[in-house]
Amino acid sequence: MSDNTLAPASASARRGDPRRSAPRRRTAALIALTLVAGLGLPAAYSAAYADESTGAGKTVARQDTRKGVQKIADGLVADGKRPAALISTRERDGRTRTYAAGVGDLATGAPVPADGQVRIGSNTKTFTAVVVLQLVGEGKIDLDAPIETYLPDLLRGEGVDGRRITVRQLLQHTSGLPEYSQAVAENFAEFQHRYAEPRELLDLALEGKASFPPGTKWEYTNTNYIVAGLLVQKITGRPLAEQINKRVVERIGLRHTYFPPAGDMTIREKHPKGYYADKPGAPLRDVSEQDPSWGWAAGAMISTNSDVNRFFTALLDGRLLKPAQLKEMRTTVPAEGDPVPGTRYGLGLMSKPLSCGGLAWGHGGDIPGYETRGGVTDSGRSVNVSVTVLPTDLAGAMEVDEAVDAALCR
């Protein structure tokens, strides 16, 4: 799920989430759509800002900016590389614009719904991390306590010992826990329409051995957030979905965002269809309907691009966490192996350098059918991009990251 998401893992390491290391590792087995490298994204569109000192200049600039962002969306689907692309931008003053390109349904040719709902994959990790950090702020969890303190005897395996793994290391991906999503990738047809218990996912992970001693390296692993979700449930005595919806979604008024309850395989509101191929060369099939329980705390949520922008903006504005916990969340370590040089990972939050200077803060997510990327600048501008099929190679994946950079640096 992304930067993140729960894209089933493969053998080649990618940056965080189902595409990093284990999670973001993908191969052609994930999808058989041929991607063409070299998107030719527009650069900064500096000419659009030639004269913003007058009202006329601002109008021209805004029109040119909108054309530029639409061009980015069009580029993501050019030559049939992807069925659809959706983009939402949010300015410092809260003004939001949405863009779409491609086809929302390959079978009917229906247009892409404006700001339609998508499965946001590993962006879910940030929601989970927020709840954990809220509990830290309430004095119910100690970031540097072993997970054993709260979940006795849960983590035992080859090189795995919950007495030596801290809560911080789970959220930061420095625990060394083995990945479970490779097993899902190899049997996605089985997992697509059935419910998977969190404990089942953890058991899949513990069939492997630890990647490294806790705290010695960084490696993106979805298993970390399955444990984090179990921690939330143990401390609150309530379901994770309820806690995320109550503590985050309802608190900041996200109207199109939710954590699907057990058994819900649909996307409730208007949405573009998401596509997947079972093996290289196979036709794309509609996987919009799936049971996301296999992603759970690491990647099950559904949202829209505009709601994701609102979420990360509210988070970085301090509306969800106390200053001490937000500072912890933004304290990062190098995300080794991430294809974007300079990427760093905090506690469920990533930072990436922009080509125009500064950083974009966010996460991202991959799950069969959908890929999402986005970011919020320290000045308050935000962009989120979604496409309706996962890439088969690094170049294809980088196109979506480059789209975010181009839109933020327009």
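Summary table
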read-out	value
Spin-label pair Arg199/Thr149, simplified geometry with 7 Å Cα→Cβ offset, distance in nm	2.5
For segment 299-348, accessible area per residue (1.4 Å probe, heavy atoms of protein chains only), Å²	35
Heavy-atom accessible surface of segment 59-134: percent carbon and sulfur, 1.4 Å	48
Carbon/sulfur fraction of accessible area - segment 336-408, other protein chains in place, 1.4 Å, %	57
Segments 245-256, 268-279 sorted - mean Cβ within 10 Å per residue, highest first	268-279, 245-256
Set of segment 302-332 residues, backbone N closer than 15 Å to the point 7 Å along the Cα-Cβ line of Glu138	320-322
Net lengthening on full extension, Val340/Asp378 (0.36 nm per residue, minus Cα-Cα)	11.8 nm
Links that overshoot a 27 Å alpha carbon limit, given the list Lys125/Lys270; Lys217/Lys246; Lys67/Lys246; Lys71/Lys279	Lys217/Lys246; Lys67/Lys246; Lys71/Lys279
Gain on full stretching of the segment that runs from Asp79 to Thr266 - 0.36 nm per residue minus C-alpha separation	64.4 nm
Pairwise label distance in nanometres, Glu242 with Ala395, each label 7 Å out on the Cα-Cβ vector	5.1
Segment 186-238: C-alpha gyration tensor shape, a/c 1.5 cut-off, then a/b vs b/c	oblate
Reach of Lys352 by Cα under 14 Å, taken over aspartates and glutamates that are not fewer than 8 positions away in the same chain	Asp3, Glu336, Asp338, Asp378, Asp401, Glu402, Asp405
Of all accessible heavy-atom area on segment 169-314, the percent that carbon and sulfur account for (1.4 Å)	49
Normalised contact order of segment 115-182, rounded percent, pairs of Cα under 8 Å and 6 or more residues apart	23
Sequence ranges 155-165, 398-408, ranked by mean other-Cβ count within 10 angstrom, highest first	398-408, 155-165
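The values are calculated or read from the model by the stated rules, or taken from the named source; none is laboratory data. In this text the structure is predicted, and so the values were computed from the model without any measurement. Positions of Cβ are generated from backbone atoms using ideal geometry, with glycine treated the same way; all protein chains shown enter the neighbour counts. The area values use the complete protein model at the heavy-atom level, side chains included, leaving out ligands, DNA and RNA. Shrake-Rupley method; radii C 1.70, N 1.55, O 1.52, S 1.80 Å.
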